[in-house]
Every structure is written in structure tokens, then in C-alpha cells.
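Read the structure below first, then the notes.
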Amino acid sequence: MTLFGRTLGGEEIASLVFLLTALVLWVMAWRGERDWTRWFRGWESDRRARREAELAAEQGGDPSSPTPPSSGTPRGPWG
């Protein structure tokens with residue numbers, strides 16, 4: 001096989017194949033990580049919206065206009 005005017009032997013062809021395989025695997029792993037991150041961000045924003053709607057409903061307010069909790073109320077899972 002000739003590539004850019006240079007004849008490639010078996011070792012060079014195998015190394016190119018392995019290099020391209022590693023590149024493909026890396027791109028697939030990167031895409032999976034990117035998709036997972038995108039899913040998690042969407043899930044987190046949905047969860048936050050549901051929580052704000054629950055808090056607004058408990059306070060008797062309008063769920064579409066969330067109000068920040070007052071400074072005297074505990075915040076977060078630890079209070």
C-alpha cells in the first residue's frame with residue numbers, strides 16, 4: 001500500500017488501523033459522556049422546576065412565578 005508516495009509495510013498498516021480504532025473508541029466515549037451530561041442537566045432543571053412549583057404551592061403562591069424563600073427558613077437538605 002502506498003500513502004503519500006511512501007510504501008507502507010505490515011507493521012505500519014497495523015499501527016494505523018490501531019490508531020484509527022483508538023480514535024473511534026475515544027470519540028464514542030466522548031459522545032456518551034456528552035449525552036449523559038446533557039441528560040443530567042435536563043433532569044436537574046426539571047427537578048428544580050418541580051421543587052419550585054411544590055414550594056410555591058405550599059406557600060399558596062403562583063407556581064409560574066417562584067419567590068425566593070425568606071432568610072429565616074431553612075435551606076437545603078441539612079436545614
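Please treat every number below as a calculation from the coordinates, not as lab data. Since the model is a prediction, treat every value here as computed from it, not as a measurement. Counting neighbours? That spans all protein chains shown, and the Cβs are built from the backbone with ideal geometry, glycine included.
Restricting the search to the stretch 1-18, which residues are in a helix (DSSP H, G or I) and surrounded by 10 or more Cβ atoms within 10 Å (Cβ to Cβ)?
If the condition is that a residue be in a helix (DSSP H, G or I) and surrounded by 10 or more Cβ atoms within 10 Å (Cβ to Cβ), then GLU12, ILE13, ALA14, SER15, LEU16, VAL17, PHE18 are the ones that fit.
Go through the stretch 20-62 and count every residue that is loosely packed, with under 11 Cβ neighbours inside 10 Å and outside any helix (DSSP H, G or I).
Here the count works out to 1.
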